[in-house]
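Engineer: Here it is, the structure, as structure tokens.
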């Protein structure tokens, strides 16, 4: 089982039906798992701000919960509220999957490496 498949199974177990997002090189395994999953629907947005508006609109129309964390500037170019580094995002996803990203640390050429490089903190604000 890949990490993407584990994430999609967890979303399905939580009752999530629709996910809004943007494909990227770091999320290809997740999108492969979306393609294979029969009940979970993904809708692609042009940028993060659009995905946030889509989640908000879905929540208002369907009556089901939606969630957005942070905001971008008026152009949708830069994070202006609650910016999250990619290492923090990855640490949070691994935490949700039950993986302690800090426990998988190894030393190579005098430097410590781990799944989220030398950075990465769980973003507790997005956990309920």
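Coordinate-derived values only; no laboratory data. Note that this is a predicted model, so its numbers are computed, not measured. Don't worry about glycine lacking a Cβ; one is built from the backbone with ideal geometry, like all the others, and counts go over all protein chains shown.
Engineer: How much of the DSSP beta bridge set in the chain is antiparallel, as a percent to the nearest 5?
Structural biologist: Numbers: 5 of 9 bridges.
Percent antiparallel among DSSP bridges in the chain is about 55.
Engineer: When a/c is below 1.5 the answer is rounded, else prolate if a/b is larger than b/c, else oblate, so apply that to the range 56-128 with a ≥ b ≥ c taken from the square roots of the Cα gyration tensor eigenvalues.
Structural biologist: Oblate, because a/c is 1.5 or more while a/b does not exceed b/c.
Engineer: Return the calculated 222 nm mean residue ellipticity for the chain, to the nearest 500 deg cm²/dmol, obtained by summing -39500 (n - 2.57) across DSSP H runs with n ≥ 4 and dividing by the residue count. Numbers along the way, then the final one.
Structural biologist: On the way: 4 runs with 46 residues, N = 128.
Value at 222 nm, helices only: -11000 deg cm²/dmol.
Engineer: Now for a different question. Which residue, 52, 110, 24, has the most motion in a Gaussian network model of the chain that connects Cα atoms within less than 10 Å?
Structural biologist: Judging by the Gaussian network model, the answer is 110.
Engineer: First measure r as the distance between the Cβ atoms of residue 104 and residue 124, then evaluate 1/(1 + (r/R0)^6) with R0 = 22 Å and state the FRET efficiency to the nearest 0.05.
Structural biologist: Working: r = 20 Å, r/R0 = 0.93.
FRET efficiency, residue 104 to residue 124: 0.60.
Engineer: In nm, what is the difference between 0.36 nm times the number of residues separating residue 14 and residue 113 and their Cα-Cα distance?
Structural biologist: Working: separation 99, 0.36 × 99 = 35.64 nm, distance 3.20 nm.
Residue separation times 0.36 nm, minus the Cα-Cα distance, leaves 32.4 nm.
Engineer: Could you order the peptides 81-89, 99-107, 5-13 from most to least packed, using the average number of other C-beta atoms within 10 Å per residue?
Structural biologist: Working: 81-89: 13.9, 99-107: 12.1, 5-13: 16.8.
Most protected by this proxy first, the peptides run 5-13, 81-89, 99-107.
Engineer: Looking at the square roots a ≥ b ≥ c of the eigenvalues of the Cα gyration tensor of the range 1-118, which shape do they give, rounded for a/c under 1.5, prolate if a/b is larger than b/c, or oblate?
Structural biologist: Working: a/c = 2.22, a/b = 1.38, b/c = 1.61.
Since a/c reaches 1.5 but b/c is at least a/b, the shape of the range 1-118 is classed as oblate.
Engineer: Quick one: length gained pulling residue 5 to residue 29 fully straight, 0.36 nm per residue minus the C-alpha distance?
Structural biologist: Numbers: separation 24, 0.36 × 24 = 8.64 nm, distance 0.76 nm.
Result: 7.9 nm gained on full extension.
Engineer: Next up: Mean separation of Cα pairs under 8 Å and 6+ residues apart, divided by the residue count of the chain: what relative contact order is that in percent?
Structural biologist: Numbers: 153 pairs, mean separation 22.5, N = 128.
Relative contact order comes out at 18 percent.
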